[in-house]
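Notes to accompany the following structure.
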Amino acid sequence: MAESAARPEIGPDDRIVVDHLWKSFGTIQAVRDVSLRIRTGTVTVIVGPSGSGKSTVLRCMNHLEVPTSGAVYIDGVHLGDRRTNINLIRREVGMVFQQFNLFPHLSVLDNITLALRKVRGRSKTEAEAIAMAQLQRVGIPEQARKRPGQLSGGQQQRVAIARSLAMNPRVMLFDEPTSALDPEMIKEVLDVMQELAASGMTMVVVSHEMGFARQVGSHMVMMDQGRIVEEGAAEDVFARPQHPRTKEFFSKIL
Amino acid sequence: MTGPDHGDLSEAGAAIVEPARRSSVRDLPLWLFAILAILALMAVVIATEASFGEAFEVIIPGISLTVGITLVSFVASIAIGLVAGLGRVSRNIVIRNLAITYIEFIRGVPIVVLILMIAFVVVPAGSRILGIPNNAVPQETRFIIALSVIYGAFIAEIFRAGVEAVPKGQMEAGRSLGLTHAQTMRSIILPQAIRTVLPALGNDFISLLKDSALATLLGVRDLTQSARLYTGSSFRFDEAFLVLTFLYLSMTLVLSLLVQQLQRRLGRG
Ligand SMILES: Nc1ncnc2c1ncn2[C@@H]1O[C@H](COP(=O)(O)OP(=O)(O)OP(=O)(O)O)[C@@H](O)[C@H]1O
Ligand SMILES: [Mg+2]
């Protein structure tokens with residue numbers, strides 16, 4: 001199905017292109033005909049009610065979910081193409097999960113060095129130097145020797161971000177990175193993400209943190225029932241939401 | 001739950017506290033004392049009654065085969081179980097169905113029948129194919145092959161459950177970093193799975209030790225066969241089977257206490 005569709009136009013600035021994406025789980029239509037462009041250096045915030053398909057769209061962007069039809073291109077590479085080695089793509093795409101998904105049996109340092117060594121082929125010393133630099137960046141180098149279970153939620157999420165950053169990705173995907181955190185820890189994670197955005201990282205963030213979306217977001221996407229109902233420059237969508245569902249959503253959440 | 005000043009609440013609170021206080025007595029392993037008492041009684045009989053002592057002397061050499069068969073079969077069945085268990089969760093439908101076929105076949109036939117089948121049908125057929133004279137494969141070896149193949153299927157299910165108990169997010173996190181499915185399995189999923197399956201493996205080791213008594217079916221002189229041979233010549237059934245029970249029960253008791261200890265330590269860690 002995906003092969004028969006014409007390849008969309010992809011400019012040099014288009015880091016991710018989602019083209020007529022459909023995804024169903026059995027009888028559930030999770031994503032219906034979503035098309036989206038993520039430009040290099042932008043921060044796209046995806047919002048929408050629970051079950052509207054935000055996570056599914058995000059997860060299709062690194063093929064954790066395989067589209068039912070339609071296509072996702074990263075730097076012009078069609079993820080669903082049989083010739084595409086998805087492992088090569090994924091090392092360039094960082095992903096941060098709501099539940100952190102740190103490896104509980106490994107130290108914080110080993111959580112970060114594992115893929116550097118196995119995927120990037122770095123030596124132990126090189127990998128540890130990179131890992132320490134990233135831990136420094138997220139502000140917790142002193143936790144390197146601990147197990148994830150000994151850290152607070154906010155610290156764990158920062159380790160997860162450091163783990164992704166260590167791979168030197170071209171784009172970072174965040175799926176509700178602060179939703180599992182106690183309120184007092186949300187800020188430390190958002191601060192790291194803000195710093196990351198300021199450094200020019202291309203980011204796609206599913207989040208209900210409207211303060212963050214407003215300050216850091218450059219692009220805003222509102223989803224409802226598997227469709228994008230509104231999108232545009234973040235400040236415009238905030239200032240003048242057009243779609244009734246967006247207005248309703250903002251009035252509930254703000 | 002009508003409000004904080006409701007009279008019943010304090011009583012409910014007390015009721016919650018009380019069993020917790022009593023639990024120290026309730027949780028005392030009375031069964032363990034009973035088993036230890038039974039074992040002690042048996043030990044006294046064996047030590048003091050001459051005929052029981054004699055039976056013990058005759059039967060005890062069988063322990064080397066019982067222990068040897070158990071250890072070798074356990075190692076082999078872990079190897080088989082790991083392969084079949086990973087096959088069971090493989091995304092390749094051919095591999096997965098091969099693994100399921102093996103596991104369900106084994107689970108659908110009584111152990112006794114499987115042992116007879118493997119020892120007297122499968123091994124002879126195998127040795128014919130390989131061109132080895134049938135009697136070149138000793139009964140001990142046949143029995144170990146049979147037990148390993150049988151327990152391999154049981155242990156495969158343990159590994160499968162262990163792998164499935166690792167949260168889905170772990171595989172996703174590994175794959176998102178660019179690790180392959182196999183790399184994620186090896187470095188992330190299996191190390192966590194093995195920790196959770198250790199107690200279950202311990203329990204299967206105990207079952208395997210007990211099932212090693214089926215060696216008697218093939219005339220292999222383990223503890224059980226030694227006891228049966230002794231009754232055949234002496235007609236001392238009381239002596240032989242009390243000694244035999246004593247030996248198995250003391251071994252399994254020690255092992256199950258070790259497994260409990262392991263479980264407690266893993267639970268804390
Ligand atoms: N693996 C799956 N199997 C079956 N149904 C799924 C699966 N993943 C998602 N769904 C369904 O697809 C729909 C969209 O889910 P999705 O997780 O993308 O929504 P979401 O916008 O991220 O919601 P939330 O805000 O609750 O995270 C929902 O109806 C959900 O139940
Ligand atoms: Mg979601």
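Of note:
- Rounded to the nearest 0.05, the FRET efficiency derived from the C-beta distance between B:Leu32 and B:Glu104 at R0 = 30 Å is 0.25.
- Diffusion constant of chain A at 37 °C, which comes from Stokes-Einstein with the Kirkwood Cα-pair radius and 0.692 mPa s, µm²/s: 175
- In terms of packing, defined here as the mean over residues of other Cβ atoms within 10 angstrom, the peptides B:215-227, A:197-209 line up highest first as B:215-227, A:197-209.
- Rounded to the nearest 100, the interface formed by chains A and B buries 1600 square angstrom of accessible surface, both chains summed, with a 1.4 Å probe.
- Surface composition of chain B: carbon plus sulfur atoms hold 68% of the accessible area, using a 1.4 angstrom probe and ignoring ligands, DNA and RNA.
- Helix A:244-253 vs. chain A, principal-axis angle (Cα, 0 to 90°, nearest 10): 30
- Helix-only [θ]222 nm of the protein assembly as shown, DSSP H runs n ≥ 4, -39500 (n - 2.57) each, per residue, nearest 500: -18500 deg cm²/dmol
- Taking the chain by itself as reference, the stretch B:162-178 contains these residues with an accessible-area loss of 10 Å² or more in the full protein complex (1.4 Å probe, heavy atoms): B:Gly169, B:Gln170, B:Glu172, B:Ala173, B:Arg175, B:Ser176, B:Leu177, B:Gly178.
- A 1.4 Å probe run over chain B, with the rest of the protein chains in place, finds 54 Å² accessible per residue.
- Gain upon complete extension [A:Arg39, A:Glu248; 0.36 nm per residue less C-alpha separation]: 72.4 nm
- The smallest convex shape that holds all Cα atoms of chain B, its convex hull, gives 212 Å³ per residue.
- Between B:Leu130 and B:Val72, the contour length at 0.36 nm per residue exceeds the Cα-Cα span by 18.6 nm.
- Whole-number accessible area per residue in Å² for chain A, which is evaluated in the context of all protein chains at 1.4 Å: 44
- Net charge, B:Phe246 excluded, C-beta distance under 13 Å - Lys, Arg +1, Asp, Glu -1: -3
- Partners for A:Lys124 among lysines (Cα-Cα distance below 29 Å; same-chain residues under 8 apart left out): A:Lys146, B:Lys168
- Buried on assembly, the stretch B:181-200 (at least 40 Å² less accessible surface than by itself, 1.4 Å probe): B:Ser187, B:Gln192
- For A:Arg145 and A:Ala180, the difference between the fully extended length at 0.36 nm per residue and the C-alpha to C-alpha distance is 10.2 nm.
- Cα convex hull volume per residue for the protein assembly as shown (Å³): 244
The values are calculated or read from the model by the stated rules, or taken from the named source; none is laboratory data. Because the structure is predicted, anything quoted here is derived from the model rather than measured. Glycine also receives a Cβ, built like all others from the backbone with ideal geometry; neighbour counts cover every protein chain displayed. Areas reflect the complete protein model, heavy atoms only, side chains present, ligands, DNA and RNA absent. Shrake-Rupley method; radii C 1.70, N 1.55, O 1.52, S 1.80 Å.
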